[in-house]
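Scroll down for the structure; my scribbles are underneath it.
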Amino acid sequence: MATAGLIPMPIEDLSPEALLTLMQWLSPSYPVGAFSYSHGLEWAVQAGDVFDVDSFQDWLSDIIQHGAGRNDVILLAAAYGAQDKAELLEVDTLARALSPSRERLMETADQGAAFVRVTSDIWGLDMSELTFAVSVGAASSAAGFALGATARLFLQAFAGNLVSAAIRLVPLGQTEGQRCLASLSPLCLRTVEQALGQGIDDLGSCTFLADIASMKHETQYSRLFRS
């Protein structure tokens, strides 16, 4: 398995064609079902832990820099740098093992399977079923896209999906939600820069409330989201 210091980290700009393709892959319209998952936010709102734009921004900031956001970038980079299919599957197995709850595993596995299915069919990439971050890293590497740009767009899309969920759940106004996402962009950039300088041995999370929320969501009586 790739370790810290061994993962290639090109950060050059994408070509216009590559940029458009990568934006399509990470667009809300790409059929991976991202809109169906709240990453435990639905329970956090019901429990009163998230109740306005400030509490949501604090919650999402922690997930980006201390939880799944940073971890997913590390996993994406490890998949991007995998030397063969065996190493790629090892990264994917680790990604599944790190999921803190059944629903969080379903979230990354189902989105990854959908991403692989659609991307393989349209772009002719030969990929097995993988978790979401791992599948994006593997596809980007196979297509020759720059890792840095892929990671930045991936984390921005991750944050954007949760902002979209918060707009419906908290609820936030559309303008409030977009202002929140814009204010988190510098944090996304810093998190990617940090994560691309790390490796598998640096994986770890301390977002306990979000993890517990995803477990509680499994038995939540009334739900709009799958996680």
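Fewest-first ordering of M127, M23 by other beta carbons within 10 Å of each residue's beta carbon gives M23, M127. Of the residues K216, K85, the one with the fewest other Cβ atoms within 10 Å heads the list, and the complete ranking is K85, K216. Helix 53-66 and the long axis of the chain differ in direction by around 30°, with both axes built from C-alpha atoms. In this Cβ point-charge picture (+1 for Lys and Arg, -1 for Asp and Glu), region 39-215 has a dipole of about 300 debye about its Cα centre.
Site pair M23 and L94 shows an inter-label distance of 3.3 nm when each label is modelled 7 Å from Cα along Cα→Cβ.
Between the helical axis of 147-169 and the longest alpha-carbon principal axis of the chain there is an angle of about 20 degrees. Taken one residue at a time, the phi angles of region 17-26 give Karplus couplings (6.51, -1.76, 1.60, θ = phi - 60°) of 5, 5, 4, 5, 5, 5, 5, 5, 4, 9 Hz. Gly and Pro are set to x. Backbone N atoms of region 24-55 closer than 19 Å to the 7 Å Cα→Cβ label point of A142 belong to residues 24-27, 30-33. Any chance you could give the angle, 0 to 90 degrees and rounded to 10, that helix 208-217 forms with the longest Cα principal axis of the chain? That works out to roughly 70 degrees. At an R0 of 22 angstrom, the distance between the Cβ atoms of D121 and S36 translates into a FRET efficiency of 0.60.
List Y80, Y221 from most exposed to least, where exposure is judged by having the fewest other Cβ atoms within 10 Å.
Listed from fewest to most nearby Cβ atoms, that is Y221, Y80.
Where a number appears in this text, it was derived from the coordinates with a stated rule and is not lab data. Note that the structure is predicted; figures quoted are calculated from it, not measured. Cβ atoms come from the backbone with ideal geometry, glycine included; neighbour counts cover every protein chain shown.
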